[in-house]
Amino acid sequence: MSAISRQTIVAGFLPLLDCALLAVAARRGFAEAEGIELKLVRETSWANIRDRISVGHFDVAHMLAPMPIASSLSLTTLAVPMRAVMALGTGGNAISVSGDLWQEMKAQGAAEDGDPLSTGQALAGVIRNRSAAGAPLLHFGVVHPFSGHAYELRYWLAASGIHPERDVEISVLPPTVMADALAAGQLDGYCVGEPWNTKAADTAGARIVTTKEAIWPGSPEKVLGVTAKWAEANGDLLMQLIKVLMAAADWCADPVNLEELASLLAGPEFLDCPVDWCRPALQGRLRFDAQTEVVIPGFLSFGGIERHCPREEHGLWFYAQMVRWGQAQFSESDLGLVRQTFSPALFLKALGSDGALAKGGRDAGSALFDGQIFSEQTLADHIAGYVRQS
């Protein structure tokens, strides 16, 4: 295909392992083979990603999964209606704490394997002891107020008997500075995507205490975000991009390509880090600390329609957390907007699916680590329960 007929798509991304689909599509020929010039622009914060796609600097973006919802509901600055047209993978986050805090948690019986119930209960014990001694609140970091990280951290804390608004402090920092903030003593812990937990374990004496995959198995982390306006004006091109990214996803999922993928992502254009920081998450063998490796199948997963199809149920879980923590007021009209934002329709149309997969996944619900099952049918009960717990 000639350069004249090639269509350009500008995509913003942050340096995290789950930018893999965009990186592979652009640098391993998948986009070019389909007549797309995929221009990638690395950004430094999620706020920049949000602002630049809202004003048209980016056509599409590697985005936090709840961010298109927050924008569609006008909960954030420069808000415009957005769509999460595909998930860019599942899993990929972990919660890390300082070496000192980990020793306190171990003394309270924290499991070594990252079981969230055990580590959460141990942290609750530490917090009770610190409160009795008059010690300052522990300080945790997340990457954005409207992020899976923020909601996973808060869900884990709350399910463990720790109130996120009263018993700890939570601040927002860019992913790339989390490990340095922990090393400097400015944070006691954080929730972030890889490889920035591995960096802290290698360089700051940190310890991974649990993972997204343990808290909410099989859940989406980043999505391909796009404004509703751009999607409506470029529907055919967007469906073509979805097919390109799905081909890249299957390439990423093939173990034969692991080393090439790790090297690509570690390079200066993307994460600009040692390749050894990228391997653990891609292999599902995390270094919880300098001495401890834990095998976590599916820690960060790519490939297959079921992993990348947007699900209304997932969007509704994020919305329920927004309501739970006072970021949004519940309304029936908002439910419609959330379903529209996380609709699988365009994704399934691009891949020629009849929609059975999306319907089956939605009806099955989502199981969380504390035994709760979240689905569209249980949404009202969850929100009522959250209100009672507050």
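Counting residues in the chain as N, plug N into 2.2 N^0.38 Å and put the Cα Rg over that result.
Relative to the 2.2 N^0.38 Å estimate, the chain comes out at 0.94.
For a distance above 18 Å, tell me the whole-number percent of Cα pairs in the stretch 298-344 that qualify.
Summing the P(r) of the stretch 298-344 above 18 Å gives 38 percent of all pairs.
Given a Förster radius of 45 Å and the C-beta distance between GLN283 and SER171 as r, what FRET efficiency does 1/(1 + (r/R0)^6) yield to the nearest 0.05?
About 0.90, to the nearest 0.05.
Need the C-alpha centroid separation for the stretch 208-256 versus the stretch 1-50, integer Å.
First find each Cα centre; the distance between them is then 13 Å.
Using the Cα centre of the stretch 93-215 as the reference point, and only Cβ charges (+1 on K/R, -1 on D/E), how large is the resulting charge dipole? Debye, rounded to the nearest 20.
220 debye
Working out 0.36 nm times the residue gap between ALA367 and ALA79, then minus their Cα-Cα distance, what length gain in nm do you get to one decimal?
Answer, rounded to one decimal: 100.6 nm.
Between GLU112 and GLN377, what length comes free when the chain is fully extended (0.36 nm per residue of separation minus the Cα-Cα distance, one decimal in nm)?
Working: separation 265, 0.36 × 265 = 95.40 nm, distance 3.55 nm.
So the extension gain works out to 91.8 nm.
Amide H neighbours of ALA204 under 5 Å, counting only residues 5+ apart in sequence or on other chains, H built in-plane at 1.01 Å?
none
Please work out how much length the chain gains when fully extended from ILE305 to GLN186, using 0.36 nm per residue of separation minus the C-alpha to C-alpha distance, in nm with one decimal.
38.8 nm is the gain from fully extending ILE305 to GLN186.
Can you figure out the FRET efficiency of SER333 with HIS163, using R₀ = 41 Å and their beta-carbon distance, to the nearest 0.05?
0.85
Given only helices, namely DSSP H runs of n ≥ 4 each adding -39500 (n - 2.57), what is the per-residue ellipticity at 222 nm of the chain, to the nearest 500 deg cm²/dmol?
-13000 deg cm²/dmol
Which lysines have a Cα less than 29 Å from the Cα of LYS39, not counting those fewer than 8 places away in the same chain?
LYS199, LYS222, LYS229, LYS243, LYS349
Helix 379-389 versus the longest principal axis of the chain: what angle, 0 to 90°, nearest 10, using Cα atoms?
Once rounded, one gets 30 degrees.
Using the 2.2 N^0.38 Å rule of thumb for compact globular proteins, work out how the stretch 93-215 stacks up: its C-alpha Rg over that value, please.
Cα Rg divided by the expected 2.2 N^0.38 Å: 0.93.
Read the figures in this text as sums done on the coordinates, not as results from a lab. All values reported here derive from a predicted model rather than from experimental measurement. Reconstructed Cβ throughout: ideal geometry from the backbone, glycine too, with neighbour counts over all protein chains shown.
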